[in-house]
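Undergrad: Quick one: structure below, then a few questions.
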Amino acid sequence: MDLRIERASLRFREPLRTAFGTLAERELLLVHAEGGVGEAAPLEPYDGVSLDAVEAALRAAAGEPTPEAALARLDDGPPQARAALDMALWDARGRREGRPVAELLGEA
């Protein structure tokens, strides 16, 4: 399947203080699949999942022949990886149909 992964880093306008530390930026993955875009932003100090683990799972799924097979391969991986691909596929469908994803999700 057509899957591209891009690392990005977003700086906060002001640092954000949390219970586990102060964040000045967030690293994330942009997932481009089938013409849509999703994102994965694990926060290892909070959820124990590293950006590297999510990227590795997505790269493994990229070798699958279909989106369905790629999603199935991610079933046992980090949930952030599956969610990012799922978002990208919904975005792709919305773009193809010229409809907002929220409208697609509201279908029966």
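The values are calculated or read from the model by the stated rules, or taken from the named source; none is laboratory data. Nothing here was measured: the structure is a model prediction, and the numbers come from that model. Glycine also receives a Cβ, built like all others from the backbone with ideal geometry; neighbour counts cover every protein chain displayed. The protein model used for the area step is the full one, side chains on, heavy atoms only, and it has no ligands, DNA or RNA in it. Shrake-Rupley method; radii C 1.70, N 1.55, O 1.52, S 1.80 Å.
Undergrad: Going through the stretch 1-24 one residue at a time, which ones are assigned to a loop (DSSP other than H, G, I, E, B) and in contact (Cβ under 8 Å) with a residue 12 or more places away in the chain? Working first, answer last.
TA: Here is the first cut: in the stretch 1-24, the residues assigned to a loop (DSSP other than H, G, I, E, B) are 1-2, 19-20.
Those that are assigned to a loop (DSSP other than H, G, I, E, B) and in contact (Cβ under 8 Å) with a residue 12 or more places away in the chain: M1, D2, F20.
Undergrad: Restricted to the stretch 25-42, and to residues that are open to solvent by 30 Å² or more (accessible area, probe 1.4 Å) and either touching a residue at least 60 places away in the same chain (Cβ under 8 Å) or not in a strand (DSSP E or B) (or both), which residue is nearest to L85 (Cα to Cα)? Write out each step before concluding.
TA: First pass over the stretch 25-42, keeping only residues open to solvent by 30 Å² or more (accessible area, probe 1.4 Å): 25-27, 30, 32, 34-35, 37, 39, 41.
Among the residues that remain, those that are also either touching a residue at least 60 places away in the same chain (Cβ under 8 Å) or not in a strand (DSSP E or B) (or both) are: 34-35, 41.
Numbers: E34: 10, G35: 12, A41: 12 Å.
The residue in question is E34.
Undergrad: Residues to consider are A81, A60; find the one that is without any contact (Cβ under 8 Å) to a residue 60 or more places away in the chain and over 13 Å from the mean Cα position of the chain (by Cα).
TA: Details: A81 fails: over 13 Å from the mean Cα position of the chain (by Cα).
Selected residue: A60, the only one of A81, A60 that is without any contact (Cβ under 8 Å) to a residue 60 or more places away in the chain and over 13 Å from the mean Cα position of the chain (by Cα).
Undergrad: Hey, another quick one. What number goes with the only condition from (1) modelled with pLDDT under 95; (2) out of contact with any Leu (no Cβ under 6 Å at 6 or more places or on another chain) that L23 does not pass?
TA: (2)
Undergrad: Ok, one more. How about the stretch 58-73: which of its residues are modelled with pLDDT of 95 or more, more than 14 Å from L89 (Cα to Cα) and out of contact with any strand residue (DSSP E or B) (no Cβ under 8 Å at 6 or more places or on another chain)?
TA: Of everything in the stretch 58-73, those that are modelled with pLDDT of 95 or more, more than 14 Å from L89 (Cα to Cα) and out of contact with any strand residue (DSSP E or B) (no Cβ under 8 Å at 6 or more places or on another chain) turn out to be A60, E64, P65, R73.
Undergrad: Which one of A88, A53, A84 is touching a Gly at 6+ places or on another chain (Cβ under 7 Å), under 25 Å from F20 (Cα atoms) and either modelled with pLDDT of 95 or more or of a type outside the set (V, I, T) (or both)? Give the steps one after another, and end with the answer.
TA: On the way: A88 fails: under 25 Å from F20 (Cα atoms); A53 fails: touching a Gly at 6+ places or on another chain (Cβ under 7 Å).
Result: A84 is the single residue among A88, A53, A84 that is touching a Gly at 6+ places or on another chain (Cβ under 7 Å), under 25 Å from F20 (Cα atoms) and either modelled with pLDDT of 95 or more or of a type outside the set (V, I, T) (or both).
Undergrad: Working only within the stretch 43-52, note down all residues that are open to solvent by 40 Å² or more (accessible area, probe 1.4 Å) and assigned to a helix (DSSP H, G or I).
TA: Within the stretch 43-52, the first condition is being open to solvent by 40 Å² or more (accessible area, probe 1.4 Å), and the residues that meet it are 44-48, 52.
Correct list: E44, P45, Y46, D47, D52.
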